[in-house]
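Throughout, read-outs are computed from the coordinates displayed, never taken from laboratory work. Fair warning: this is a prediction, and the values are worked out from it, not measured in the lab. Positions of Cβ are generated from backbone atoms using ideal geometry, with glycine treated the same way; all protein chains shown enter the neighbour counts.
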Amino acid sequence: MLAAQSRLDVLRNEAASGDELSNRELSIALLDRYEQTGDTDDLYEAVIWIDRRWEAAGKAELIARVVAHHCGQRVLRWHWLCLPGE
């Protein structure tokens with residue numbers, strides 16, 4: 001668990017500095033972790049990272065994954081991705 005957390009911290013630092021690949025990898029890792037553990041903090045953080053650069057290449061499948069599987073969660077119910085017609 002500690003190794004996974006430190007990997008996420010590295011990805012967070014790289015994503016925060018504008019690295020698109022790290023942002024994408026971090027978003028995927030957080031969504032995967034949410035789907036395994038059910039911790040909505042991971043889901044919420046994943047969407048925050050997706051939001052930061054939603055127009056970047058490779059985000060379409062992440063957005064589709066969130067919309068298809070996670071919009072029913074309380075932390076995303078009113079997020080713009082999950083609102084009909086948005």
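Key figures
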| quantity | calculated |
| --- | --- |
| Net charge dipole size for segment 9-86 [Lys, Arg +1 and Asp, Glu -1 on Cβ; Debye, nearest 20] | 260 debye |
| Rg/Rg_globular for the chain, with Rg_globular taken as 2.2 N^0.38 Å and Rg from C-alpha atoms | 1.04 |
| Distance (nanometres) between label positions extended 7 Å along Cα→Cβ at C71 and D9 | 3.7 nm |
| Approximate spin-label separation A60-C82, in nm, with each point projected 7 Å along Cα-to-Cβ | 2.4 nm |
| Principal-axis tilt of helix 40-52 within the chain, Cα atoms, nearest 10 degrees | 90 degrees |
| Pairs of alpha carbons in segment 1-49 whose separation is greater than 12 Å (percent) | 59 percent |
| The chain - percent relative contact order, Cα under 8 Å, separation 6 or more | 19 percent |
